[in-house]
């Protein structure tokens, strides 16, 4: 997309976290969405959520608010609200960098010259209608995922020792309290009782700002 940074992506060593990023199949490539999903899966990503929507001009303006005032902004909004899109939450190690590497340079014409195998070179139309979007950084991925999936928890998912440390610090103390109370109460349906208790006493409830997105 015109105006997005085109800095070189440096691949990092695999981390202990599974990172999430937002991907969008734009109106000019929506008829190729099944092919693109297949490439995504074969490239090592998991698709956690997906949603087909048709943005209004107001919603497209909100999503691209960081580009407000730039010369290309009106045509960008018109393009992104011209037809249905597919929003996907992707996950893998270093998902943001890997996805931006896979889709290639912002300008489709440049992509065909320098990265002929990237997705924008294969599915894009011109310098602005470039088929695909990818979050540029972690903070943008958080905002963009919540725009389309308001109930999502987008923090990186810990694995291995990091997961054990998280459970020990943030989950086990609450679970222990719940199990202790369960033993005292001795309810008829202990599983349902514990589930309700955990919902009521969860100290880690996310507070997510909601964005309205119109379904196609």
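Checking residue 70 against (1) under 20 Å from residue 29 (Cα atoms); (2) surrounded by fewer than 21 Cβ atoms within 10 Å (Cβ to Cβ), which single condition isn't satisfied?
That leaves (1) as the condition not met.
In region 80-102, what residues are surrounded by fewer than 22 Cβ atoms within 10 Å (Cβ to Cβ), modelled with pLDDT of 95 or more and out of contact with any helix residue (DSSP H, G or I) (no Cβ under 7 Å at 6 or more places or on another chain)?
97, 98, 101
Given (1) in contact (Cβ under 8 Å) with a residue 60 or more places away in the chain; (2) within 21 Å of residue 150 (Cβ to Cβ); (3) under 18 Å from the mean Cα position of the chain (by Cα), where does residue 97 come up short, assuming only one miss?
(2)
Which of the residues that make up region 103-122 are buried (at least 23 other Cβ atoms within 10 Å of the Cβ) and assigned to a helix (DSSP H, G or I)? Before you say what the answer is, go through the steps one by one.
Let us first name the residues in region 103-122 that are buried (at least 23 other Cβ atoms within 10 Å of the Cβ), namely 103-104, 108, 111, 119-120.
Answer for region 103-122, where residues must be buried (at least 23 other Cβ atoms within 10 Å of the Cβ) and assigned to a helix (DSSP H, G or I): 103, 108, 111, 119, 120.
Can you pull out the residues in region 123-154 that are over 20 Å from residue 85 (Cβ atoms) and surrounded by 21 or more Cβ atoms within 10 Å (Cβ to Cβ)?
Our first condition is that a residue be over 20 Å from residue 85 (Cβ atoms); within region 123-154, this holds for 137-139, 153.
Within region 123-154, no residue meets the criteria.
For region 162-177, give me each residue that is modelled with pLDDT of 70 or more and under 16 Å from residue 19 (Cα atoms).
Filtering region 162-177 for residues modelled with pLDDT of 70 or more gives 164-165, 167-177.
Listed by number, the list is empty, since nothing qualifies.
The values are calculated or read from the model by the stated rules, or taken from the named source; none is laboratory data. Treat the numbers as computed from the prediction; the structure is a model and nothing was measured. Cβ atoms come from the backbone with ideal geometry, glycine included; neighbour counts cover every protein chain shown.
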